[in-house]
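Chemist: A single structure is presented below for examination.
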There are 2 protein chains.
Amino acid sequence: MKNWIYKQCNNDDIVLSSMISLSRNLKEVPFSNKLTTIEARKNVELIYDIFKNEIIDEEIHLHQLWNEDKEISNSYVDKHLISKELIKNRDKTAFILNKEETISIMINEEDHLRLQCISAGLDLDEVFRSITKLDDKIERNAHYAFDENLGYLTTCPTDIGTGMRASVNMHLPALTFSDEIANFAKGLTQIGMTMRGIYEEGTKSYGNIYKISNQVTLGLTEEEIIGNLKGVVLNVISEEKKFREVLLSKCKYEIEDKIYRAYGTLKSAVLLGAKESIDLLSSVRLGVELSLLDIEKTKLNELLIITRDSSLQNYLGRKLSSKELNYERAKIIKIILKET
Amino acid sequence: MKNWIYKQCNNDDIVLSSMISLSRNLKEVPFSNKLTTIEARKNVELIYDIFKNEIIDEEIHLHQLWNEDKEISNSYVDKHLISKELIKNRDKTAFILNKEETISIMINEEDHLRLQCISAGLDLDEVFRSITKLDDKIERNAHYAFDENLGYLTTCPTDIGTGMRASVNMHLPALTFSDEIANFAKGLTQIGMTMRGIYEEGTKSYGNIYKISNQVTLGLTEEEIIGNLKGVVLNVISEEKKFREVLLSKCKYEIEDKIYRAYGTLKSAVLLGAKESIDLLSSVRLGVELSLLDIEKTKLNELLIITRDSSLQNYLGRKLSSKELNYERAKIIKIILKET
């Protein structure tokens, strides 16, 4: 697997990252929500001990959230390595991360273990291989809560069965401009999948990046879930490309205008809000994908992360006011774009 | 006098140009609106003959509007060298222009002659000296319609007396941002002056450039009119500078953001509307006046002219659709800014 932020993919790639997570619980320990703080922290120890048995062939690091600054933890959310939910119960939760930041194991989130593998681009097969290998290794060292009929037992009934969520983050500006996104989302719901903007506030979505994932975990094999998702993603890619061509043939100058203005603004602004930055970065990303701009996608990924409030504060090592955030965000964007 | 577009002034100068015009009629010829086309064209000949007597110590050129392409004539309006009214009666009107484009004599506009001198920056005294010299020379070669009690006789009663309009074009972004412009305009009306945006559409004004001029031509000497105007202009300059300091102390980053974004957009956009360009050029001009940007003001003046629809079409030598105009405008702005 490849770190999705810093490892170069194809520049015309519409898919940012592929991710699979598995929800697992230990047989002998009550579900996370039944654990006291002391018991939960003991459970973290117990699980971390399992991982010392060379389960991951790489340097790993345990993050005990109760011992870690909140901004640091949040910056891992920005990188899509842990969930917001994990941070909500900071005094009980932890996560294990490999050095390459492709594997993360959340501990005491909704379930005892949430194994997660993430890789750059459309790479579901490799991610599936990695997470299966990881899951098998753990199973050899621990007793999972498992039922012959139901499959893996989870705190929330909607996760029962495979306990698997597979998802792909995609950049879909043309489907968004053409107002086709809502139709796609509706269609996906009908086949047990879901699509949502990854930068949402209220009902508004920013940056044209969407996560498509399976909603159903029960009654299908893991391979079927992956196969269905891959089929849907390939279809969305081809639709997005079709709509890009339509847009370019109908309003080439308007699209180019949007792209070059966005790049100009990112390189010039003195103050930049989080939402505006993400929208501008989407236009620049489209410019790269259409070969109008020559910027490494890794720079754009980096900017997508570093310009989030929490990552920015973590990077600068201090809490910032809203105006300071906008000032520092504009500054760092200019610096990183100048390097290209 | 200095050509107001191409001759360098101080970069911190808030005044773009100073202009004085004198309305004059020939004693023997009926007022312009009484002339048939043939008589009007004869009047043009008559007046041009007077100018052959070395009235202007410089190469001069006669533009007969009925012989000239409309876009070419309009581009002189963009340069503030002739009035829109002159073009309305194209089959009867003409103008004489010196090579430096500081003196223009409109023929058969509202009056037989409208002598106009224009110079860069705040230069009312020099402009007044030049126009007086010009007026005296003409008077030695022609009989003006003049009444001992009323002064110079004009078609419109509001011009009677001195027949003089003195005006100054000023860049007032800070007074505009602070909504002080309306108060200033109201105050000026009470002392016989007027202020209006030079780029107006409906009630909206663009580009923060305003013309302040005298409204009263009767009952004051020419020197008094100039003196009053100069007093007002110096006061407006000091108020604008005061408000700029207030803005910079209260919202330095916001002002810088506006300026640098404007510059970035002008250098990047693929399509630019006329109004948007003028607003962006105003922000860039403010940047130059605040020493944030290092661009020659002459470039900004040039852009202010060339990006007007008519000048752009005249420059390219063909009629353009609205979208083509926006495309070509963006293109020429990028080229001229790249030269700096």
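The values are calculated or read from the model by the stated rules, or taken from the named source; none is laboratory data. Note that the structure is a prediction, hence the values are computed from the model and not measured. Note that we place each Cβ from the backbone using ideal geometry, even for glycine, and neighbour counts take in every protein chain shown. Each accessible area value is taken on the protein alone, full model and side chains, heavy atoms only, with ligands, DNA and RNA left out. Shrake-Rupley method; radii C 1.70, N 1.55, O 1.52, S 1.80 Å.
Chemist: Using a 1.4 Å probe and ignoring any ligands, DNA or RNA, find the accessible area of B:Thr194 and quote it in Å² to the nearest 10.
Modeler: Accessible area, nearest 10 Å²: 40 Å².
Chemist: Heavy atoms of the protein only, probe of 1.4 Å, neighbouring chains included. What is the accessible area of B:Cys156 in Å², nearest 10?
Modeler: The value for B:Cys156 is about 40 Å².
Chemist: Where nothing but the Cβ of Lys and Arg (+1) and of Asp and Glu (-1) is charged, how large is the charge dipole of chain B around its Cα centre, in debye to the nearest 20?
Modeler: Here chain B has a charge dipole of around 1040 debye.
Chemist: Mind listing the phi-derived Karplus ³J(HN,Hα) values for the range B:142-157, rounded to whole Hz, using 6.51, -1.76 and 1.60 with θ = phi - 60°, and x for any glycine or proline?
Modeler: 8, 9, 6, 6, 9, 10, 4, 8, 8, x, 5, 8, 9, 4, 9, x
Chemist: Going by the alpha-carbon gyration tensor, a ≥ b ≥ c the square roots of its eigenvalues, is the range A:193-340 rounded (a/c under 1.5) or, if a/c is not under 1.5, prolate (a/b greater than b/c) versus oblate?
Modeler: Verdict is oblate for the range A:193-340.
Chemist: Is the shape of the range B:125-195 best called rounded, prolate or oblate, per the rule: a/c under 1.5 gives rounded, else a/b larger than b/c gives prolate, else oblate, with a ≥ b ≥ c the square roots of the Cα gyration tensor eigenvalues?
Modeler: Oblate.
Chemist: With chain B treated as a Gaussian network of Cα nodes joined by springs under 10 Å, which of B:Tyr152, B:Tyr263, B:Tyr253 yields the largest mean-square fluctuation?
Modeler: Top of the fluctuation ranking is B:Tyr253.
Chemist: Another question about this same structure. Just the number, please: carbon plus sulfur as a percent of the accessible area of the range A:129-279, 1.4 Å probe, no ligands or DNA/RNA counted.
Modeler: About 53 percent, which is the carbon plus sulfur part of the accessible surface.
Chemist: If you rank B:Tyr6, A:Tyr315 by how much accessible surface each has, with a 1.4 Å probe, what is the order from largest down?
Modeler: A:Tyr315, B:Tyr6
Chemist: Could I ask something else about it? Suppose every Lys and Arg Cβ carries +1 and every Asp and Glu Cβ carries -1, with no other charges. What dipole size does the protein assembly as shown come out with about its Cα centre, to the nearest 20 debye?
Modeler: 260
Chemist: Follow-up. Would you mind checking which residues have amide H under 5 Å from A:His63's amide H? H placed 1.01 Å from N; only 5 or more apart, or other chain.
Modeler: A:Phe95, A:Ile96, A:Leu97
Chemist: Would you mind telling me which residue in A:Ala330, A:Ala40, A:Ala185 has the biggest mean-square fluctuation in a Gaussian network model of chain A, where springs connect alpha carbons within a distance under 10 angstrom?
Modeler: Result: A:Ala185 has the largest fluctuation of those listed.
Chemist: A further question follows. Nearest 20 debye, what's the magnitude of the dipole of the range A:1-114 about its Cα centre given +1 on Lys and Arg Cβ and -1 on Asp and Glu Cβ?
Modeler: Here the size comes out at about 360 debye.
Chemist: Compute the signed sum of charges (Lys and Arg +1, Asp and Glu -1) over the other residues within less than 11 Å, Cβ to Cβ, of B:Gln313.
Modeler: -1
Chemist: With point charges of +1 on the Cβ of Lys and Arg and -1 on the Cβ of Asp and Glu, referenced to the Cα centre of the protein assembly as shown, which listed residue (B:His80, B:Gln190, A:Thr298) lies farthest in the positive direction of the dipole?
Modeler: B:Gln190
Chemist: Placing a label point 7 Å from Cα toward Cβ, how far apart in nm is B:Glu224 from its equivalents in the other copies, listed shortest first to one decimal?
Modeler: 9.9
Chemist: For all pairs of alpha-carbon atoms in chain A, what percent lies in each bin of width 20 Å, listed from the first bin to the last filled one?
Modeler: All Cα pairs, binned at 20 Å, distribute as 30, 57, 14, 0 percent.
Chemist: Still on this model: Counting pairs of alpha carbon atoms under 8 Å apart in space and at least six apart in sequence, what relative contact order in percent does the range B:100-194 give?
Modeler: 14
Chemist: Placing the label point 7 Å from Cα along the Cα-to-Cβ direction, what are the distances from B:Ile38 to the equivalent spots in the other copies, shortest first, in nm to one decimal?
Modeler: Counterpart label points of B:Ile38 in the remaining copies fall at 11.8 nm.
Chemist: How do B:Met106, B:Met195 rank by accessible surface area computed with a 1.4 Å probe, from largest to smallest?
Modeler: Ranked list, largest accessible area first: B:Met195, B:Met106.
Chemist: Between the range A:234-285 and the range B:224-275, how far is it from one alpha carbon centroid to the other, in angstrom?
Modeler: The distance from the Cα centre of the range A:234-285 to that of the range B:224-275 comes to 31 Å.
Chemist: A further question on this structure: For A:Lys323, which inter-copy label distances result when the label point lies 7 Å beyond Cα on the Cα-to-Cβ vector, reported in nm to one decimal and in ascending order?
Modeler: Between copies, matching label points for A:Lys323 lie 4.3 nm apart.
Chemist: Pairs of Cα atoms under 8 Å, at least six residues apart: use those to get the relative contact order of the range A:226-336, whole percent.
Modeler: Value for the range A:226-336: 29 percent.
Chemist: So which residue, out of A:Glu39, A:Glu201, A:Glu296, gets the largest mean-square fluctuation from a GNM of chain A using Cα contacts under 10 Å as springs?
Modeler: Judging by the Gaussian network model, the answer is A:Glu201.
Chemist: Here's a follow-up. Along the charge dipole of the protein assembly as shown, pointing to its positive end and built from +1/-1 on Cβ of Lys, Arg, Asp and Glu, which listed residue (A:Pro30, A:Asn3, A:Gln64) has its Cα farthest out?
Modeler: Of the listed residues, the answer is A:Pro30.
Chemist: For the pairing of chain B with chain A, what total accessible surface becomes buried, with a 1.4 angstrom probe, in square angstrom to the nearest 100?
Modeler: 1500
Chemist: Cross-link list A:Lys258/A:Lys338; A:Lys2/A:Lys331; A:Lys2/A:Lys252; A:Lys42/A:Lys137; A:Lys88/A:Lys275: which exceed 25 angstrom alpha carbon to alpha carbon?
Modeler: A:Lys2/A:Lys331; A:Lys2/A:Lys252
Chemist: Accessible area, 1.4 Å probe, largest first: how do B:Glu59, B:Glu289, A:Glu148 sort?
Modeler: Of B:Glu59, B:Glu289, A:Glu148, the descending order of accessible area is A:Glu148, B:Glu59, B:Glu289.
Chemist: Between B:Leu16 and residues 5 or more places away or on another chain, which pairs have amide H atoms under 5 Å apart, with H built 1.01 Å from N, and which residues are they?
Modeler: B:Asn169, B:Met170, B:His171
Chemist: Suppose a student asked you for the relative contact order of chain B, using Cα pairs under 8 Å spaced at least 6 residues apart; what percent would you report?
Modeler: About 21 percent, as a whole number.
Chemist: Follow-up. Hey, got the Cα dimensions of the protein assembly as shown along the principal axes, in Å, largest first?
Modeler: Projected onto the principal axes, the Cα atoms of the protein assembly as shown cover 115, 47, 36 Å.
Chemist: Could I ask something else about it? Return the long-range amide H neighbours of B:Tyr144 (sequence gap of 5 or more, or a different chain), with a cut-off of under 5 Å between placed amide H atoms.
Modeler: Under 5 Å from the amide H of B:Tyr144 lie the amide H atoms of B:Lys27, each far enough along the sequence or on another chain.
Chemist: Kindly write out, for the range B:162-177 in residue order, the coupling ³J(HN,Hα) from the Karplus curve 6.51 cos²θ - 1.76 cosθ + 1.60 (θ = phi - 60°), rounded to whole Hz, with x marking Gly and Pro.
Modeler: Once rounded to whole Hz, the list reads 6, x, 9, 10, 10, 8, 9, 9, 10, 9, 10, x, 5, 5, 6, 4.
Chemist: On to the next question. Considering only chain B, pick the residue with its Cβ nearest the axis of the rotation onto chain A, and state the distance in whole Å.
Modeler: Taking Cβ atoms only, the nearest residue and its distance are B:Gly264, 2.
Chemist: Okay, next question. Using θ = phi - 60° and the Karplus curve 6.51 cos²θ - 1.76 cosθ + 1.60, what whole-Hz ³J(HN,Hα) does each residue of the range B:100-117 get, with Gly and Pro shown as x?
Modeler: For the range B:100-117, the Karplus-derived couplings read 6, 6, 10, 10, 9, 10, 7, 10, 6, 6, 5, 10, 4, 10, 10, 7, 9, 10 Hz, x marking Gly and Pro.
Chemist: Among the residues of the range B:261-278, which ones have their accessible area go down by 40 Å² or more when all the protein chains sit together, as opposed to their chain alone (1.4 Å probe)?
Modeler: So the qualifying set is B:Arg261, B:Ser268, B:Val270, B:Leu271.
Chemist: Follow-up. Which is farthest toward the positive dipole end of chain B among B:Gly202, B:Asn214, B:Asn149, measuring Cα position about the Cα centre, with Cβ charges +1 (Lys, Arg) and -1 (Asp, Glu)?
Modeler: It is B:Gly202, whose Cα lies furthest towards the positive end.
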